[in-house]
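*Asks:* Before I ask anything, here is the structure I am working with.
The values are calculated or read from the model by the stated rules, or taken from the named source; none is laboratory data. Since this is a predicted model, take the numbers as computed values, not measurements. Heads up, the Cβs are rebuilt from the backbone with ideal geometry, glycines too, and the neighbour counts pull from every protein chain shown.
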Amino acid sequence: MKLQFGTGEKPLWSQLYDILENKIINGEYKEGEVLPSELSLMEEYGVSRVTVRQAMDKLINAKLISRKRGKGTIVLKRENTVATSFQSSFNGVEEMNNANDRRVLSLEYTNPPIDVAYYFGISAKRPVLRLIRQTFVEGKPMTYYETYLNPIIPVDDQTDFSESMYACLEQAGYPVNKVTEKITASIINAKEKEIFNITKNEAIMNRIRMGKSNDIPVEYTYSKYVAKGYELVIDLK
């Protein structure tokens, strides 16, 4: 499989990631096997070292490979686990609590995490708008949202997101009508204790939400929730 270098194609690192991921999943690169070197991949696909490393970083984040000092890049064992994943329409997702006081903490342009860049199909060096919000219930911080917006959307760091972010996206011509959600749970860490002003260990819900508008990826949100006193209702359509 060859990379497409034409205008409008996916970033080269994203294309390379797709190729390598497919080879790992299909068993062409087997568990414990060493992947070709960066130089070999550069020569085979005609790309730069930066492109190869971006693709490799994404594979590491996906837990498909691991770098071993003195050995190279190793294909990892694929665990037989199923992530909790919900495919639903946006109208079927409701967040419920006793009071809703959502505040915008920051709104600025920044380079996206590699997962976000891959989802949007852009370079990890292309700045995107990042919106950070927090919700308070009865005066206590209960949720934390870190949202990245696709740069094709006509909004900027002067847009008023103090009310509904989805209303802003709809007004911009990109209503969110489909979301994919991945939800996990963990014990609160030191950074999260600062965010939620908590000193003792508690359970935290972690949610990744990927929103689309007519199959165009527009939103990628990392959310954190204090599990106690918060209910997430998902009505699958």
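*Asks:* For residues that are part of a helix (DSSP H, G or I) and touching a strand residue (DSSP E or B) at 6+ places or on another chain (Cβ under 9 Å), scanning just the range 10-57, find the one that is surrounded by the fewest Cβ atoms within 10 Å (Cβ to Cβ).
*Replies:* Filtering the range 10-57 down to residues part of a helix (DSSP H, G or I) leaves 12-25, 38-45, 49-57.
Now drop any that are not touching a strand residue (DSSP E or B) at 6+ places or on another chain (Cβ under 9 Å), which leaves 20, 24, 38, 56.
Numbers: L20: 25, I24: 21, E38: 17, M56: 21.
Taking the candidates together, the pick is E38.
*Asks:* Does T147 satisfy the criteria of being farther than 28 Å from A62 by Cα and outside any helix (DSSP H, G or I)?
*Replies:* no
*Asks:* In this structure, does V155 turn out to be at pLDDT 90 or above, within 17 Å of the chain's Cα centre (by Cα) and buried (at least 17 other Cβ atoms within 10 Å of the Cβ)?
*Replies:* no
*Asks:* Return the only residue of K30, K2, K63, K10 being among the basic types (K, R), modelled with pLDDT under 85 and over 19 Å from Y118 (Cβ atoms). Write out each step before concluding.
*Replies:* Details: K30 fails: modelled with pLDDT under 85; K63 fails: over 19 Å from Y118 (Cβ atoms); K10 fails: over 19 Å from Y118 (Cβ atoms).
Result of the check over K30, K2, K63, K10: K2.
*Asks:* Only residues that are part of a strand (DSSP E or B) and either modelled with pLDDT under 85 or not polar (S, T, N, Q) (or both): list them for the range 215-231, please.
*Replies:* Going residue by residue through the range 215-231, those that are part of a strand (DSSP E or B) are 216-226, 231.
I216, P217, V218, E219, Y220, Y222, K224, Y225, V226, E231, listed by residue number.
*Asks:* If you don't mind, another one. Restricting the search to the range 164-189, which residues are small (G, A, S), at pLDDT 90 or above and more than 22 Å from P112 (Cβ to Cβ)? Can you show your working first?
*Replies:* Initially, the range 164-189 is screened for residues small (G, A, S), giving 164, 167, 172-173, 185-186.
Next, only the ones that are at pLDDT 90 or above stay: 167, 172-173.
The answer is A167, and nothing else.
*Asks:* Please identify the pairs in which a residue from the range 121-138 that is on the phi > 0 side of the Ramachandran plot has its Cβ atom under 7 Å from the Cβ atom of a residue that is part of a loop (DSSP other than H, G, I, E, B) and aliphatic (A, V, I, L, M), counting only partners at least 6 apart or on another chain.
*Replies:* E138/A99
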